[in-house]
Amino acid sequence: MPNTESSVPEQEKLNERLEQANRQLLQSEKMAAIGQLAAGVAHEINNPVGYVYSNLQSLESYLSDLFRLTDAVDSAASIDDLRAIKQNIDYDFLREDLNDLLAESREGIERVKTIISAMKDFSHIEEEEFKPADLHRGIETTLNLVNNELKYKAEITKEFTDIPQVECIISQINQVVMNLLINAAHAIDNFGRITIRTCHQQDKVIIEVEDTGKGITQDNLNRIFEPFFTTKPIGKGTGLGLSLSFNIIEKHNGHIEVNSVPGEGTCFRITLPASQPPGKTDSKTDHGRI
Ligand SMILES: Nc1ncnc2c1ncn2[C@@H]1O[C@H](COP(=O)(O)OP(=O)(O)O)[C@@H](O)[C@H]1O
Ligand SMILES: [Mg+2]
């Protein structure tokens with residue numbers, strides 16, 4: 001007969017240690033995701049910043065040409081001198097190119113602004129409150145952040161239909177979608193397609209992420225939601241993405257299913273209730289427990 005008097009505190013201690021390990025794992029998966037994101041975001045920002053910088057250099061040289069012309073207004077002996085300078089600096093080209101440079105730079109800065117606002121949306125990762133949210137906006141935010149990981153691997157197709165707002169912790173749903181998108185990209189060898197679909201059936205909202213990747217064998221299919229199950233080399237996979245996603249969806253009283261044909265592709269389907277059952281949105285629940 002086990003001695004229950006001494007085993008209860010033992011059990012509590014063990015539970016506490018397990019919980020602590022869970023929290024550390026959750027944190028490490030988040031850190032891995034953030035590291036991955038940071039690399040992508042740096043790349044995405046680097047490109048527009050690069051051409052805005054080079055446009056600024058061109059602007060500097062154009063401005064100095066323009067100043068040469070306006071300064072000559074005081075010093076030129078005749079209007080013909082002025083005309084000569086105007087021709088010399090290739091005024092017509094400069095005028096046209098200035099407009100192009102400004103338009104291109106504005107576009108670059110807009111892109112950086114979009115990425116930064118997506119990062120802001122994403123960084124509320126600790127927020128625990130269930131609130132009605134626009135899933136399409138969340139998906140766009142996520143796409144903006146992982147664009148760099150995806151664009152060399154797949155064409156992204158969005159098949160969105162009108163869906164109601166969903167009562168959820170949007171930063172966590174974004175994280176799930178991010179995991180699915182990155183897994184999809186990893187599964188594609190050369191270049192494929194990733195389709196993101198949304199629809200609703202009565203009070204349930206469905207998100208699907210489908211890829212034309214290598215698929216999952218029947219044996220692996222039974223294991224993909226297990227913590228630490230990965231088929232990826234060390235450094236590439238933690239094996240925590242899907243188990244974390246599963247827990248997040250479960251916490252939202254939804255479910256996640258997968259359909260896969262080896263050699264053809266995989267489709268993950270998330271079903272979420274548009275509104276949470278009363279009393280089921282306690283913010284103290286063990287979200288993201290692995
Ligand atoms: N879209 C997919 N296509 C093929 N295999 C997948 C896909 N998504 C997940 N998997 C498989 O499930 C495993 C576990 O995924 P995950 O929990 O995200 O961990 P990780 O990506 O770190 O390996 C992957 O290693 C991979 O074998
Ligand atoms: Mg993964």
Checklist entry - Which residue pairs have Cβ atoms under 8 Å apart, sit 6 or more places apart or on different chains, and have a first residue in segment 138-149 that is buried (at least 20 other Cβ atoms within 10 Å of the Cβ) and a second that is basic (Lys, Arg)? => result Ile139/Lys158
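Listed here are the residues, each with its yes/no results for (1) at pLDDT below 90; (2) not polar (S, T, N, Q).
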position	(1), (2)
Thr4	yes, no
Gln20	yes, no
Gln24	yes, no
Ser28	yes, no
Ser61	no, no
Leu66	no, yes
Leu69	no, yes
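Is it true that Glu208 is at pLDDT below 90, touching a Ser or Thr at 6+ places or on another chain (Cβ under 9 Å) and within 12 Å of ligand 1 (Cβ to nearest atom)?
Working: at pLDDT below 90: no; touching a Ser or Thr at 6+ places or on another chain (Cβ under 9 Å): yes; within 12 Å of ligand 1 (Cβ to nearest atom): yes.
So Glu208 does not fit the description; no.
Scan segment 81-90 and give yes if some residue there is at positive phi and either surrounded by 11 or more Cβ atoms within 10 Å (Cβ to Cβ) or outside any helix (DSSP H, G or I) (or both), otherwise no. Lay out the reasoning, then the answer.
Of the residues in segment 81-90, the ones at positive phi are 90.
Retained after the next criterion (residues that are either surrounded by 11 or more Cβ atoms within 10 Å (Cβ to Cβ) or outside any helix (DSSP H, G or I) (or both)): 90.
Yes, the conditions are met somewhere in segment 81-90.
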Item to check | Close pairs (6 angstrom Cβ cut-off, 6 or more residues apart or separate chains): in contact (Cβ under 8 Å) with a residue 24 or more places away in the chain in segment 224-244, near ligand 2 (Cβ under 10 Å from one of its atoms) and among the acidic types (Asp, Glu) anywhere | outcome: Thr238/Glu29; Leu240/Glu29; Leu244/Glu29
Checklist entry - Which of the residues that make up segment 235-258 are within 14 Å of ligand 2 (Cβ to nearest atom) and assigned to a loop (DSSP other than H, G, I, E, B)? => result Gly235, Lys236, Gly237, Thr238, Gly239, Leu240
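Among the residues of segment 272-287, is any within 11 Å of ligand 1 (Cβ to nearest atom), buried (at least 18 other Cβ atoms within 10 Å of the Cβ), touching a residue at least 12 places away in the same chain (Cβ under 8 Å) and in a strand (DSSP E or B)? Steps first, please.
Residues of segment 272-287 that are within 11 Å of ligand 1 (Cβ to nearest atom), as a first pass: none.
No - not one qualifying residue is present in segment 272-287.
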Next on the checklist: Take the conditions near ligand 1 (Cβ under 7 Å from one of its atoms) and either at pLDDT below 95 or outside any loop (DSSP other than H, G, I, E, B) (or both) and apply them to Gly213. Does it pass?
Outcome noted: no
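The values are calculated or read from the model by the stated rules, or taken from the named source; none is laboratory data. This one's a predicted model, so the numbers in the text were calculated from it and none came from an experiment. Neighbour counts run over all protein chains shown; Cβ positions are idealised from the backbone, glycine included.
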